[in-house]
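The values are calculated or read from the model by the stated rules, or taken from the named source; none is laboratory data. If you're wondering where the values come from, they're calculated on a predicted model, not measured in any experiment. A quick note on method: Cβ atoms are made from the backbone with ideal geometry, for glycine too, and the neighbour counts reach across all protein chains shown. Please note that ligands, DNA and RNA were not included when accessible areas were found on the heavy atoms of the full protein model with its side chains. Shrake-Rupley method; radii C 1.70, N 1.55, O 1.52, S 1.80 Å.
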Amino acid sequence: AQKITQTQPGMFVQEKEAVTLDCTYDTSDPSYGLFWYKQPSSGEMIFLIYQGSYDQQNATEGRYSLNFQKARKSANLVISASQLGDSAMYFCAMREAITGNQFYFGTGTSLTVIP
Amino acid sequence: DAMVIQNPRYQVTQFGKPVTLSCSQTLNHNVMYWYQQKSSQAPKLLFHYYDKDFNNEADTPDNFQSRRPNTSFCFLDIRSPGLGDAAMYLCATSRGLGQGGQTGELFFGEGSRLTVL
């Protein structure tokens, strides 16, 4: 079974609008971390936001927020007020405490911001 | 300041000609990773080091080798590159269990893009 599932290969959003990128995960470990990375066309992987499994509140970092629904095992990334520079690939990833050093990546979502 | 540095950023090699990619870090993280990423795909883990302990993924071809002479440096050697090895190679680091980093994030370098002619 896939550890991380991203079901949206491509998404489009109008500039200044909000967009949600979906991510579901599969683990039986009670201790885990969820991460979102942005990869622009230049290729660099940029860390955006982190959510710990024991965190009571949804993580936020500037225009990025994580809609964490633990019972549903989903960790959707919300980007508010989209900018042209947000056009990139977005990867959801998970790290489990039990496996320690392994990071599991989803297949990514390509986001295009339309002017 | 860059914390994970990869060299070279771009490497062109001929079919079968060995290549070495390097990665250095200033974060003092005890885990270092090498990922291969092909166009529009997720990064694929080749192997990682926890300190000096080498962990190879089961499906990593023997053509790929790695060395970690010290905490700061890690090398990826591709002994006989084939056309299918053309990809972006990403080095990353993270805090390991001993550094209290069960859920710490990956820090990536800018990548080395390999072209095989």
Report the residue, chosen from A:Ser74, A:Ser28, A:Ser53, that carries the largest GNM mean-square fluctuation when chain A is represented by alpha-carbon nodes joined by springs under 10 Å. A:Ser28
Report the FRET efficiency, 1/(1 + (r/R0)^6), for B:Lys44 and A:Ser28, where r is their Cβ-Cβ distance and R0 is 22 Å, rounded to 0.05. 0.40
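List the accessible area buried at the contact between A and B, summed over both sides and calculated with a 1.4 Å probe, in Å² to the nearest 100. If you can, show how the numbers build up before the last one.
On the way: alone 6280 and 6460 Å², together 10910 Å².
Between A and B, the summed buried area is about 1800 Å².
What is the gain in length, in nm to one decimal, between B:Thr13 and B:Asp53 on full extension, counting 0.36 nm per residue of separation less the C-alpha to C-alpha distance? Let's see the in-between values first.
Numbers: separation 40, 0.36 × 40 = 14.40 nm, distance 2.96 nm.
Stretched fully, the B:Thr13-B:Asp53 segment lengthens by 11.4 nm.
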Estimated vicinal HN-Hα couplings, Hz - the stretch B:49-61 in sequence order (Karplus 6.51, -1.76, 1.60; Gly, Pro = x): 10, 10, 6, 9, 6, 8, 10, 9, 6, 4, 9, 7, x
Can you give the convex hull volume per residue for the Cα atoms of chain B, as a whole number of Å³? 103
Among A:Tyr32, A:Tyr54, A:Tyr64, whose mean-square fluctuation peaks in a Gaussian network model of chain A (Cα, cutoff 10 Å)? A:Tyr54
Amide H partners (placed H, <5 Å) of A:Ile49, local residues excluded: A:Trp36
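If you roll a 1.4 Å probe over the heavy atoms of the protein chains, what accessible area per residue do you get for the stretch B:20-117, in Å²? Mind showing how you got there, number by number?
On the way: 4120 Å² over 98 residues.
Normalised by residue count, the accessible surface of the stretch B:20-117 is 42 Å².
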Could you tell me the accessible area of B:Cys74 in Å² (1.4 Å probe, neighbours in place), rounded to the nearest ten? 0
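Magnitude of the Cβ-charge dipole of the protein assembly as shown, K/R +1 and D/E -1, about the Cα centre, nearest 20 debye?
On the way: 18 positive and 20 negative charges, 44 e Å.
The dipole of the protein assembly as shown has a size of about 220 debye.
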Whole-Hz Karplus ³J(HN,Hα) for the stretch B:77-82, in order, using 6.51 cos²θ - 1.76 cosθ + 1.60 and θ = phi - 60°, x for Gly and Pro? 10, 10, 6, 9, x, x
³J(HN,Hα) computed for each position of the stretch A:46-61 - Karplus, 6.51 cos²θ - 1.76 cosθ + 1.60, integer Hz, glycine/proline x: 10, 6, 10, 7, 10, 9, x, 5, 9, 5, 7, 10, 5, 6, 9, 9
